[in-house]
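Asker: Below is one structure. I have some questions about it.
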Amino acid sequence: KNMLSWQRTSYHFQPEDNWMNDPNGPLYYKGWYHLFYQYNPESAVWGNISWGHAVSKDLIHWFYLPLAMVPDEWYDISGVWTGSATILPDGKIVMLYTGDALDIVQVQCLAYPANLSDPLLLKWVKYSGNPVLSPPPGIGLKVFRDPTTAWLSPDGVKWRLAIGSKVNKTGISLVYETADFKSYDMLDGYLHEVPGTGMWECVDFYPVSTKEVNGLDTSVNGPGIKHVLKASLDDDRNDYYALGTYDQFKNKWVPDDPELDVGIGLRYDYGEYYASKTFYDQNKKRRILWGWVRETDSEYDDVLKGWASVQSIPRTVVFDQKTVDSPSQLDIVASFEIDKDAFEGTLEANASYSCPTSGGAAIRGKLGPFGIIVLADGTLSEGTPIYFYVAKGANGKAETHFCVDELRSSEASDINRVVYRSKVPVIDGEKYSLRSLVDHSIVESFAQGGRTVITSRTYPTKAINGAARVYLFNNATGVSVTASVKIWNMGSADNRPFPFNQSVDLTR
Ligand code: DQQ
């Protein structure tokens, strides 16, 4: 189990051992952030799915707690699958999750904390009347899962929640209404549907303020508010979101831009990132996003390591007012400037440029690539470039590509190496800016303050621990680039089992 141990992250959340996938039911309660997660207590591959549980004061330093729920009832005997928490106005907590019943049918189940005066919420009770929801007529038995956090219906008394599914190849989201979380009515029609997108897993649905930077409780609606609808597409394993308007009386959500609809438009992350979930942090009035980052090495290596998967660093979700017209252990912040005159003159007409098909970071263009190389060894035989490339788009205007090239990230075999790509809007007067969180075997990169994000798994064999280097590079032939960089060495979060029966300072 100590094989490849340098790949274990130091300030990302991962369990002590074994397999993890989706984040579940995140919430803040009585001074603690709680994270539950899909967990296999027995091995480093998916199976025996239970709910792991950890608590933190700051979302970085975690204490591992005993399992919150295990598959022990007929309705979840094949797995306690993904679910979400709702905190009711009277302080009660409702957890809804999907039970995989005998591997035959997916049902929704209710659970609640045994003791609300316990800030650690250690014990969970499954409701005796479970399951509370089974697939309705016309919905396949195995495509009905992952209930969202509930929001108040317009009558101010009943609650609504969404569940992802599909009909043929159309991804859909069903909405149910309930007064007590025990009996439910399905509302007519769907919250939304998008043909061709397939099964919608881990639907998330929440309001964002177009005016204020604070996050909003899931039930808030009204002027100045838009709703984000997110689906994790089972068919291509990416998290797609869209901004739109929620008409709570018709119970319909309509995207602002049909060309950027759920599953065909924007992604939370253009790298390795899936099954994400947000929650409203009432402590700091912000909406926080968790996401599961898979391994991209082999299952064989995962078993050798004795663990698989990490959670991304929690991200805050804010509405970007500037783009409303269009739609080892380091923390690195870098920005790049190009002389304006040189810029206009050098813009290369290459509307078909795309990082993966245009040679990744290894080629040279007039205006790129330029950026940083992380987890590199001294001879640059290993290294992961994170970079910008500017070229003229189809409309004749400058387009900025933002990419992560894993092709030389590792000399190990059996690793899936990808050139991740997207575009990033760069507003007049802005520098090209990126931030990368490097943590042994994961790199999360944020361009232009998080407007485009790429998460990448890298498995260096030489550029490990003290041998890892960071480089700045400019392969552009047409311009010189001025860069400024700050690099912070990150400590270790020192996650550990909860120190029961010891008097210790839990604030650390
Ligand atoms: N993972 C869970 C499901 C969900 C999927 C099972 C997404 O509930 O749809 O582990 O990764």
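Readers should treat all values here as calculations from the given coordinates under stated rules, not as data from a laboratory. Please read these numbers as outputs of a predicted model, since none were measured by experiment. All Cβ positions, glycine included, derive from the backbone under ideal geometry; neighbour counts span all protein chains shown.
Asker: Rank the residues Ser84, Ser10 as a footprinting-exposure proxy: fewest other Cβ atoms within 10 Å of their Cβ go first.
Answerer: Ser10, Ser84
Asker: So how strong a dipole does region 16-171 carry about its Cα centre when Lys and Arg Cβ are +1 and Asp and Glu Cβ are -1, to the nearest 20 debye?
Answerer: Details: 11 positive and 14 negative charges, 112 e Å.
That gives region 16-171 a dipole magnitude of about 540 debye.
Asker: Next question. Roughly how many nanometres apart are two label points built 7 Å out from the Cα toward the Cβ at Asn168 and Glu337?
Answerer: Placing both labels 7 Å beyond Cα along the Cβ direction yields 5.6 nm.
Asker: Right, another one. Against the 2.2 N^0.38 Å scaling, with N counting residues, where does region 54-118 land? I'd like the Cα-based Rg ratio to two decimal places.
Answerer: Taking the Cα Rg and dividing by 2.2 N^0.38 Å, one obtains 1.29.
Asker: For a quick protection proxy, order the peptides 433-445, 181-193, 164-176 by their average other-Cβ count within 10 Å, most packed first.
Answerer: Details: 433-445: 23.5, 181-193: 15.9, 164-176: 20.3.
Final packing ranking: 433-445, 164-176, 181-193.
Asker: For q values of 0.06, 0.13 Å⁻¹, compute log₁₀ I(q)/I(0) with the Debye formula on a Cα-only model of the chain, without solvent.
Answerer: Taking Cα atoms of the chain as identical point scatterers yields -0.28, -1.31.
Asker: Using θ = phi - 60° and the Karplus curve 6.51 cos²θ - 1.76 cosθ + 1.60, what whole-Hz ³J(HN,Hα) does each residue of region 208-221 get, with Gly and Pro shown as x?
Answerer: 10, 8, 8, 10, 10, 8, 5, x, 10, 4, 4, 7, 6, 8
Asker: Kirkwood Rh and Cα-based Rg: tell me the resulting Rg over Rh for region 265-388, rounded to two decimals.
Answerer: Values: Rg = 19.0 Å, Rh = 18.7 Å.
Reported Rg/Rh, Kirkwood definition of Rh: 1.01.
Asker: Order of 298-311, 260-273 by packing, highest average Cβ count within 10 Å first? Write out the running numbers ahead of the final one.
Answerer: Details: 298-311: 19.0, 260-273: 21.9.
So the peptides 298-311, 260-273, ranked by packing, come out 260-273, 298-311.
Asker: Also, I was wondering about something else. If I take R0 = 45 Å and measure r between the Cβ atoms of Glu259 and Lys30 in this structure, what FRET efficiency does the formula 1/(1 + (r/R0)^6) give, to the nearest 0.05?
Answerer: 0.50
Asker: May I ask which of Lys30/Lys211; Lys250/Lys322; Lys92/Lys182; Lys169/Lys250; Lys226/Lys250; Lys182/Lys226 have a Cα-Cα span longer than 20 Å here?
Answerer: Check vs 20 Å cut-off fails for Lys30/Lys211; Lys250/Lys322; Lys169/Lys250; Lys182/Lys226.
Asker: Between Lys431 and Asp72, how high is the FRET efficiency from 1/(1 + (r/R0)^6) when r is the Cβ-Cβ distance and R₀ = 45 Å? Nearest 0.05.
Answerer: That gives a FRET efficiency of 0.25.
Asker: Here's another thing I want to ask about it. Among the aspartates and glutamates, which fall within straight-line cross-link reach of Lys142, defined as a Cα-Cα distance under 16 Å, with same-chain neighbours fewer than 8 residues apart omitted?
Answerer: Asp76, Asp100, Asp103, Glu201, Asp234, Asp235
Asker: If amide hydrogens are placed 1.01 Å from N in the peptide plane, which non-local residues have theirs closer than 5 Å to the one on Glu382?
Answerer: Asp377
Asker: Compute the length gained on full extension between Glu177 and Asn283: take 0.36 nm times their separation in residues and subtract their Cα-Cα distance, giving the result in nm to one decimal.
Answerer: Numbers: separation 106, 0.36 × 106 = 38.16 nm, distance 2.75 nm.
Working it through step by step, the gained length comes to 35.4 nm.
Asker: Dipole of region 328-489 (Lys/Arg Cβ +1, Asp/Glu Cβ -1, origin at the Cα centre): which of Asn465, Ala334, Phe446 lies farthest to the positive side?
Answerer: Phe446
Asker: Then there's this: Mind ordering 218-227, 237-246 by average Cβ neighbours within 10 Å, highest first?
Answerer: Result, highest mean first: 237-246, 218-227.
Asker: Based on alpha-carbon centroids, what's the gap between region 153-213 and region 387-457 in Å, whole number please?
Answerer: Between the Cα centres of region 153-213 and region 387-457 lies a distance of 32 Å.
Asker: For n ≥ 4 DSSP H runs only, could you compute -39500 (n - 2.57) per run for the chain, divide by its residues and tell me the 222 nm figure to the nearest 500?
Answerer: -500 deg cm²/dmol
Asker: Using alpha-carbon positions, what is the distance between the centroids of region 81-114 and region 460-478, in Å?
Answerer: 45 Å
Asker: Short version: what are the Cα gyration tensor semi-axes of region 459-501, square root of 5 times each eigenvalue, largest first, in whole Å?
Answerer: So the equivalent ellipsoid measures 38, 15, 8 Å along its semi-axes.
Asker: Would you kindly calculate the mean projected area, averaged across all directions, of the convex hull enclosing the Cα atoms of region 328-489, in square nanometres?
Answerer: That works out to 8.7 nm².
Asker: Every cysteine in the chain with no other Cys Cβ under 4.7 Å from its Cβ, please list them in numeric order.
Answerer: So, Cys109, Cys202.
Asker: Something else: PRE reach from Ala349 (point 7 Å along Cα→Cβ): which of region 371-415 fall under 13 Å by backbone N?
Answerer: Of the residues in region 371-415, 392-397 have backbone N under 13 Å from the label point off Ala349.
Asker: Next up: For region 291-318, list residues with backbone N below 15 Å from a point placed 7 Å from the Cα of Asp58 toward its Cβ?
Answerer: The answer is 314.
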